[in-house]
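The structure appears below as structure tokens.
The values are calculated or read from the model by the stated rules, or taken from the named source; none is laboratory data. Note that this is a predicted model, so its numbers are computed, not measured. Note that we place each Cβ from the backbone using ideal geometry, even for glycine, and neighbour counts take in every protein chain shown. Surface areas here come from the heavy atoms of the whole protein model, side chains and all, with no ligands, DNA or RNA. Shrake-Rupley method; radii C 1.70, N 1.55, O 1.52, S 1.80 Å.
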Amino acid sequence: MVRFSGKSVYKGITMGSVVLLDKAGCQVKRGKVEDTDTEAARVRVAIEQAKEQLRSLYDKAVKEVGEASAAIFEVHQMMLEDEDYLESIDNIIQTENVNAEYAVAITGDNFAEMFAGMDDDYMRARAADVKDISNRLVNNLYGHEEIDFNAMEPSIIVADDLTPSETVQMDKEKILAFVTVHGSTNSHTAILARMMNIPALVGVPMELDRIHNGMTAVVDGFSAEVIFEPTEELCVKTQKRIREEKEKNLLLQDMKGMETITQGGREIKLYANIGSISDVGYVLENDAAGIGLFRSEFLYLGRSDFPTEEEQFQAYRQVVQTMAGKKVIIRTLDIGADKQTDYFNLGKEDNPALGYRAIRICLKQPDIFKTQLRALLRASVYGNLSIMYPMIISTDEVRKIYDIMREVQQELEEQEIPYTLPEQGIMIETPAAVMISDELAELVDFFSIGTNDLTQYTLAIDRQNERLDDFYNPHHKAVLKMIQMVINNAHKHGKWAGICGELGADIDLTEEFVRMGVDELSVSPSMVLRLRKRIREITL
């Protein structure tokens, strides 16, 4: 039995089999070889293996997301037959007498750089595709097995670190817990774990080369511990604690169907945060009054090209239809910072949290923005949809957004495509937006306070930096005073103000937020019933 302590992301407890995501094993080293023909043959075998993998992925994607979204896997199969690509790999092996892995990796880098430098948007997007297929070939050459998250049994995922794009691709029904060596409790991956209602630990000082697939582990979010190969006695105790936690959660089911009102009769709108269409089930299961934050950027992650207008329209329409008239607030894409994807070609930034991200991308690349706005306006016909814009720092930005929105409306009218203009609000997540919130309130329909970034920018602390977790204090008086200022300025202009950041689910602050006058709280679905219980206990 081996025990490690870390930082808890979600306080739950579970026990199960380990699946290790060993990404470090894919580092490619150059090696001299004598038999170049054997290396070339290894490449051919890896290519056939990759084609079979891609055919399986295509068939699976067609069933789950439709032919349009699955087509990318056909594109990858065709790229594996590209003569220039294959000749480059073979030439490097034969002329430089190097191993197949190195030849594939170098070819992938060269072709990706070539595509990224082209003027045509479509060809630039192929840079991510060629990296993807090259990585697949390298993995096959090294003999790394591709984990099929849909085929595996419910398991505990152990890794050095996890990106949001990696976690969003996982089958949530098959994940019992996350345990990572690195990562901050304030990262977007941590937020996803809380939304998924599963125990998760970060900052665990384990040696991954001593952990293997199939090991049994206990993940205790209450004590922030993971125990590998637990004793039989501990397994029995853990099973008992798991049953007790389930019983506690069952008691919260009594909150379903009840109003979210204080003892004095004041109603608080209690919504849920989600990242994908599949998360709507959690919203309904936990009886949220609506969706206060649909992170639309997750439609862009985990793929190698931009989602089309039609793909986005179908996703948004499905969500609003399923919510059957309940409010659905969709945030426009917030790519950047910890949410990176190659085909945007954002480039490396020294401080991405302060860089080219969110609304800045949309205003600098309006074609991307217009595609999303068209899809949103079309979907608004089918339900109670609102649009929310992230990372606003000025009234000029809001006016530019409205100018683009008018262009989109005109295009839809000329094409006789049905749409409605929904409620439009902004996220308050920068000190600049707080300080001019009285002016911003005159332009928008509502405010939603993103406390994660607001805390980060107010305290000058990178929330991705795990070394600063001890300094990151979302209860800081400066943060709370800013929240109060935003609520006051919204109400002064007859607008509503909510909180959609992680702080909204902090039970210790619920009464204070209610006393501040907050109109809405949007939290992880797993926190809705707990928060409703707390609000109903408050006497103003």
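A probe of 1.4 angstrom, applied to the heavy atoms of all protein chains, finds Thr420 with accessible area near 60 square angstrom.
Only protein atoms count toward the accessible area here, which uses a 1.4 Å probe; on the chain, the carbon and sulfur part of that area reaches 49 percent. Computed over the chain, the per-residue total of -39500 (n - 2.57) for DSSP H runs of n ≥ 4 gives a 222 nm mean residue ellipticity of -14000 deg cm²/dmol, rounded to 500.
By average Cβ neighbour count within 10 Å, what is the ranking of 512-524, 471-483 from highest down?
Output ranking for 512-524, 471-483: 512-524, 471-483.
Between the Cα long axis of helix 232-252 and the first principal axis of the chain there is an angle of about 40°, rounded to the nearest 10. Summarising the amide proton neighbourhood of Glu423: residues at separation of 5 or more, or on other chains, whose placed amide H is nearer than 5 Å comprise Ile387.
Divided by 2.2 N^0.38 Å, where N counts the residues, the Cα radius of gyration of the chain comes to 1.02. Taking the Cα centre of the chain as reference, the dipole from Cβ charges on Lys and Arg (+1) and Asp and Glu (-1) amounts to some 2480 debye.
Between the helical axis of 477-492 and the longest alpha-carbon principal axis of the chain there is an angle of about 60 degrees.
Ordering Gly221, Val236, Gln312 by the projection of their Cα atoms onto the charge dipole of segment 219-342, which places +1 on the Cβ of Lys and Arg and -1 on the Cβ of Asp and Glu, puts Gln312 at the extreme positive end. For the peptides 313-319, 238-244, the ranking by packing is 313-319, 238-244, with the highest mean count of neighbouring Cβ atoms within 10 Å listed first.
Here the contact order of the chain, divided by its residue count and restricted to Cα pairs under 8 Å and six or more residues apart, works out to 16 percent. Measuring from centroid to centroid over Cα atoms, what is the spacing of segment 310-329 and segment 348-423 in Å? The distance from the Cα centre of segment 310-329 to that of segment 348-423 comes to 17 Å. Taking a ≥ b ≥ c as the square roots of the Cα gyration tensor eigenvalues, with a/c under 1.5 meaning rounded and otherwise prolate when a/b beats b/c, else oblate, which class fits segment 284-433? Cα axes put segment 284-433 in the rounded bin.
With a sphere of radius 14 Å drawn around the Cβ of Ile13, what net charge do the other residues whose Cβ falls strictly inside it have (Lys, Arg +1; Asp, Glu -1)? Please report the intermediate quantities before stating the final value.
Working: positive: Lys11, Lys237, Lys240, Arg241, Arg243, Lys246, Lys248; negative: Asp220, Glu225, Glu244, Glu245, Glu247.
So the surrounding residues net to +2.
Averaged over its residues, the chain has an accessible area of 45 Å² per residue, based on protein heavy atoms and a 1.4 Å probe. Summing Cβ point charges (Lys, Arg +1; Asp, Glu -1) relative to the Cα centre of segment 442-540 gives a dipole of roughly 340 debye. Seen from Glu416, the other residues with C-beta closer than 14 Å to its C-beta sum to a net charge of -1, counting Lys and Arg as +1 and Asp and Glu as -1.
Helix 67-79 sits at what angle to the longest principal axis of the chain, using alpha carbons and giving 0 to 90 degrees rounded to 10? Result, in degrees: 30. Note on exposure: Arg399, Arg331 ranked by accessible area (1.4 Å probe, complete protein assembly) read Arg399, Arg331, with the most exposed listed first.
DSSP beta bridges fully contained in the chain are about 30 percent antiparallel.
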